[in-house]
Every structure is written in C-alpha cells, then in structure tokens.
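J.: Right, I'll just put the structure down here and ask away after.
Where a number appears in this text, it was derived from the coordinates with a stated rule and is not lab data. This structure is a prediction, so every number in the text was calculated from the model and none was measured.
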Amino acid sequence: MPKVIAILNQKGGVGKTTLAVHLATSLARKKKSVLLLDADPQGSALDWAAARHGEPLFPVVGLPKSSIHKELPAVASNFEMVIIDGPPRVYDVARSAIMASDLVLVPVQPSPYDVWAAKEIIDLLNEAAVYKPALKKAFLINRKIVNTAIGRDVADALSEYPIPVLNTAICQRVAFAESATQGLTVFELDPDMLASQEINGVADEVQGMLS
Ligand SMILES: Nc1ncnc2c1ncn2[C@@H]1O[C@H](COP(=O)(O)OP(=O)(O)O)[C@@H](O)[C@H]1O
Ligand SMILES: [Mg+2]
C-alpha cells in the first residue's frame, strides 16, 4: 500500500494546493510513483492539471468525499505515494482524509490569525489520535518572509500545540503563483532556484518521517 500524506487546514488560502502540487512534483522527480488526490470540492488541483500543456508528472484524481478512506485502497494501490490536497471547512472530508493518511501536514502562514485558526485542525487530529495512534503530523510554515523574525516567532507560537514544526519552511515567492497559472511548478521555471530547494527539503523530511 502507498504512503499517504494529507495536506490539511480548515483555513483557506494557507497554501494546501500549492504545497500538495509541489510535494507531489518533488516526489515524482525522485522517481516515486505519485498520485495526487484532490479532496477539495473546488477542484483547484484538477484545475492546475487541466491548465498544463506538457506531459503530466503524475495523475490527479478528484475525490472530494467523506469516503476517501474507503475508496483509496482501490484507487491508489499501484502507487508508492499519495498526496491528498485537503478541502477548507468540510469536516467530514477532512476527517476521512485523516483516516486515510500516514502523515498529515498542516500548512500555516506566519501570522497570528493562522496560529489561532490551526486549533480547528488540531482538534480534529486529537480526535483521530484515539483510533489512529500511529498517525504522524507536522506543521509546515508557508509564505515565510525572507529576513524577518516572524517565521521564527510563528514557530514559537506553534510550539503550544502538541505537534512538531518541520525544519524546512517555504518562503513567500512569486514563482509559486506564476508557475501555477500554466499548470507548471517552480521546478520547471528553474529547478535550481531556492523555491525548488525548499520543496525538496520538505520532501526529504517527509520521506524521513515515513521511513
Ligand atoms: N509560498 C508561497 N509564495 C507565494 N505565493 C503562495 C505561496 N503559497 C501559496 N501561495 C499563493 O497563495 C494563494 C493560496 O494558495 P493555495 O495553495 O490555493 O491555498 P489553499 O489551497 O490552502 O486554499 C495562491 O494564490 C497561491 O499561489
Ligand atoms: Mg486549495
């Protein structure tokens, strides 16, 4: 069975889709067979895939339902890794994604509003801990502003929650939005740029947590 990583946060606009697409791409570039599962009724990851002209790097399948955990084995058994792009708000879908996962990543932006809003997903994860004690989880700081203290401050603020923060943070970089317009990723704009290195750093950490 594949290793399943869900990117979840009930708050919209924190970077779930951006990070799901990029993490899937990084793993595919490391020769993993990857499936990206779009669990958001809005279908942003599917839109990203549809905007793409070149070869797809991995299949993107829409499954914005509370039956993800039941359907995933049939859909994903031939893949090594599954990345789930989570929905905002819809609790039953998020809960199903948690049940299907080995690791949940919670993106947060360096802002107190995001730190407070993370309580919702943490509550869901705490609930899941009862029936899924082996579930791994971590915060992933996204849109950190280079050369500011706020990224470190937010890591401190997040330490009040019972889950760790990944060592690698993703900075605010216009290349993430620019590349998405054409269904591309930062790797295709410039594989050596810092944005690509950060994403690869997250992929390395995630693989380490799952091995
Ligand atoms: N690290 C980043 N740097 C710059 N823009 C980003 C970054 N992460 C996300 N964005 C932008 O922020 C917006 C929201 O991101 P998105 O991935 O759609 O969030 P979500 O899926 O959580 O709603 C998008 O316009 C996206 O391009
Ligand atoms: Mg999204």
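J.: Evaluate the relative contact order of the range 3-210 (contact order divided by residue number), counting alpha-carbon pairs under 8 angstrom at least 6 apart; express in whole percent.
T.: This gives 25 percent for the range 3-210.
J.: Next question. Divide the volume of the convex hull of the Cα atoms of the chain by its number of residues and quote the answer in cubic angstrom per residue.
T.: Values: hull volume 22.8 nm³, N = 211.
Dividing the Cα hull volume of the chain by its residue count gives 108 Å³.
J.: Something else about it: By its C-alpha gyration tensor, with a ≥ b ≥ c as the square roots of the eigenvalues, how is the range 92-211 shaped: rounded for a/c under 1.5, else prolate for a/b larger than b/c, else oblate? List each step's numbers first, then the result.
T.: On the way: a/c = 1.91, a/b = 1.43, b/c = 1.33.
Prolate.
J.: Hydropathy at least -1.0 by Kyte-Doolittle, axial extent at least 18 angstrom from the Cα trace: which helices of the chain, defined as entire DSSP H runs, fit? Please report the intermediate quantities before stating the final value.
T.: Working: long enough: 16-29 (19 Å, 0.46); 112-131 (30 Å, 0.29); 194-210 (24 Å, 0.20).
Counting only whole DSSP H runs, the qualifying helices are 16-29, 112-131, 194-210.
J.: With a 10 Å cut-off between alpha carbons and a GNM built on the chain, which of 169, 117, 180 moves the most?
T.: Result: 117 has the largest fluctuation of those listed.
J.: Still on this structure, please answer the following. Say the cut-off is 31 Å between C-alpha atoms; which of 30/119; 70/144; 31/65 go over it?
T.: Numbers: 30/119 34 Å; 70/144 36 Å; 31/65 29 Å.
The pairs that break the limit, which is 31 Å between Cα atoms, are 30/119; 70/144.
J.: Another question, if that's okay. Calculate for the chain the 222 nm mean residue ellipticity that helices alone would give, adding -39,500 (n - 2.57) per DSSP H run of length 4 or more and normalising by residue count, nearest 500 deg cm²/dmol.
T.: On the way: 9 runs with 98 residues, N = 211.
Calculated at 222 nm, the ellipticity per residue is -14000 deg cm²/dmol.
J.: Where both partners of a DSSP beta bridge lie in the range 3-210, what percent of those bridges are antiparallel, to the nearest 5?
T.: Details: 0 of 25 bridges.
For the range 3-210, the DSSP antiparallel bridge percentage is about 0.
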